[in-house]
Structures are given as structure tokens and as C-alpha cells.
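See structure below.
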Amino acid sequence: MATVEALWRHPIKSHGREALDQVTLTAGQTMPGDRVWAVAHEASKADGSEWAMSANFSRGVKAPALMAITSRYDADSETVTLSHPDRPDLTVQPDRDPQALIDWAAPLMPEDRAASARVLRVPGRGMTDTPFPSISILNLASSRALEQAMGRELSIHRWRGNIWTDLGTPWAEFDMVDKEIEIGDCRFIVRERIKRCMATTANPETGERDADTLGALKENWNHTDFGIYAEVTQGGTIRTGDALRVL
């Protein structure tokens with residue numbers, strides 16, 4: 001039986017990751033503390049009034065060094081502590097001092113890309129990559145298959161997933177699309193496969209591009225997808241070790 005192997009959230013979109021032991025989800029909402037904020041670049045038209053496409057934000061596909069950020073989110077104080085191998089730690093309240101966040105990340109941004117300009121927060125949901133409030137579910141068996149094809153280890157953090165499970169068979173997660181699943185107290189409807197970008201080519205320890213993940217996926221399986229997006233239909237608590245069932 002497949003179980004939850006790890007839970008992760010990303011308080012600021014493309015600016016760090018944080019492990020969880022458990023999380024309480026609400027129907028129709030994103031994971032609490034996940035993509036609460038997003039950093040819009042100077043060419044972005046996003047204003048924080050509604051969800052916006054990822055192209056509006058500073059992210060790993062254009063700035064691979066961002067992939068090496070780790071974070072800790074304190075919901076009570078609304079602060080995020082950011083760490084990076086090339087930067088001093090920063091604890092910031094993104095709503096109150098967005099410029100501190102922008103200045104801290106500025107050395108990690110390529111000079112030939114649009115500079116970060118403002119920090120946005122959309123009321124009621126996280127700024128996930130989908131217009132619907134999604135939770136990403138990833139399969140360790142697919143990760144192992146890609147590692148074998150590429151002849152090297154690949155950190156799971158390249159994929160910036162929320163829920164990691166082990167289905168035993170590579171790409172078995174794709175068979176769940178349009179089906180209902182249950183994890184812990186929660187139920188989900190699986191909506192779509194996750195199409196991947198160049199952010200996954202960056203090493204999440206160093207922030208340097210070092211693996212042609214997209215090329216390997218295309219060459220070996222004729223797609224560049226990894227993981228699935230699901231929507232919460234029944235809220236509840238999920239813990240590591242909980243079973244995943246297809247209903």
C-alpha cells in the first residue's frame with residue numbers, strides 16, 4: 001500500500017522549501033503556508049488581486065540560484081526565515097517589509113533577467129502554478145526511474161512537490177488523473193499531470209544547472225511531465241505514513 005513519505009510547503013513561491021510532519025487541508029484551498037507570497041518581477045502585470053500565471057514571477061526557471069533556498073514559516077508572526085549557501089540568513093515579514101526580501105534575493109537573480117519588483121499575496125489561496133487551488137502529489141518510483149535513466153542521483157527538491165508517496169511503479173500517478181483519491185482524512189480529485197520547466201535542471205543544494213531532466217524525460221518517456229495536481233474535495237489532516245488509496 002502506498003503511503004505518504006514526505007510533506008513539503010514553499011512559503012514564498014520559488015524562494016525556499018520547508019518539511020512538515022503533518023498538515024491540515026481545507027476543501028477547495030491550497031496547502032496552508034504554501035506559496036502564500038510570490039515575488040513579481042518588473043515586467044509583471046500581476047497586482048495581487050487575483051491568481052496570476054507563473055511567468056509573472058521571479059522563479060527558478062529564469063534564476064536557478066533561487067532553487068537552493070530553504071525556508072521556515074512562522075504563521076503566528078507571519079515571518080519567513082530564508083537560508084541560502086551564498087547568502088546570510090534573513091527573517092522577514094513579507095507583507096511589512098517586501099523590499100528586504102527583494103534586496104536579499106537580488107544577488108541570486110541573473111543580470112539579464114527582469115529584476116524582482118514587488119511581493120504579492122492573493123487573499124484566500126496560495127499562488128500555485130494552476131488557476132485552481134492545487135496540491136502537487138509526486139511518486140518516488142518515478143524519481144528512481146529517472147535517476148536510473150540518467151545514471152545519477154536527483155534530489156526530490158528539484159520538483160518542489162507538496163506530497164511525496166511511493167506507488168512502486170513509475171508514472172502510476174498519471175493513471176490517477178480524473179480519479180478520486182484518499183489520503184489520511186482527506187479526499188482529492190486528481191485534475192492533471194504536471195508539465196515541467198527548466199527549474200528542475202538546477203541543483204537544489206547549489207542553485208546551479210547540472211542535470212538535463214527535461215531531455216531525459218523526453219528521450220526515455222516522450223513527455224516532460226512529473227507528478228500530478230489534485231484539488232482537495234474533503235478536508236482533514238494528513239501525516240507522514242498515512243495511506244494513499246484510489247477510490
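The values are calculated or read from the model by the stated rules, or taken from the named source; none is laboratory data. The structure displayed is predicted, hence computed values, not measured ones. Cβ atoms come from the backbone with ideal geometry, glycine included; neighbour counts cover every protein chain shown. SASA here: full protein model, heavy atoms, side chains in, ligands and nucleic acids out. Shrake-Rupley method; radii C 1.70, N 1.55, O 1.52, S 1.80 Å.
Details
- Karplus 3J(HN,Hα) series, Hz, for region 94-108 with 6.51 cos²θ - 1.76 cosθ + 1.60 (x for Gly, Pro): x, 5, 8, 9, x, 5, 4, 5, 4, 5, 5, 7, 3, x, 8
- Whole-Å semi-axes of region 163-204's equivalent ellipsoid (Cα gyration tensor): 23, 13, 12
- Loop sites in region 1-57: GluC sites (Glu not before Pro), DSSP, at most 12 other Cβ within 10 Å: GLU42, GLU50
- Cross-link reach list, lysines versus LYS45, counting only Cα pairs under 22 Å and skipping chain neighbours closer than eight places: LYS13, LYS62
- Accessible surface computed residue by residue for the chain, with neighbouring protein chains in place and a 1.4 Å probe, gives 44 Å² per residue.
- Dipole moment magnitude, nearest 20 debye, region 17-136 about Cα centre, only Lys, Arg, Asp, Glu C-beta charged: 300 debye
- Sorting the segments 127-133, 28-34 by their residues' average number of neighbouring beta-carbon atoms within 10 angstrom, most packed first, yields 28-34, 127-133.
- Counting only Cβ charges, +1 for Lys and Arg and -1 for Asp and Glu, the dipole size of the chain around its Cα centre is about 380 debye.
- Peptides 108-116, 182-190, ordered by how many other C-beta atoms sit within 10 Å of their residues on average, highest first, read 182-190, 108-116.
- Karplus (6.51, -1.76, 1.60) ³J(HN,Hα), θ = phi - 60°, over region 110-118, in Hz, Gly and Pro reported as x: x, 5, 8, 10, 4, 6, 5, 10, 7
- Dipole magnitude (debye, nearest 20) for region 175-247, charges at Cβ of Lys, Arg, Asp, Glu: 140 debye
- Rg/Rh for region 92-195 (Cα atoms only, Rh after Kirkwood) is 1.06.
- Structure-based [θ]222 nm, the chain - -39500 (n - 2.57) summed over DSSP H runs of at least 4, per residue, nearest 500: -3000 deg cm²/dmol
- The Cα atoms of region 208-247 define a convex hull whose projected area, averaged across directions, is 5.5 nm².
- Most fluctuating residue given options PRO123, PRO98, PRO88, as computed from a GNM of the chain linking Cα atoms under 10 Å: PRO88
- Carbon/sulfur fraction of accessible area - region 98-236, other protein chains in place, 1.4 Å, %: 45 percent
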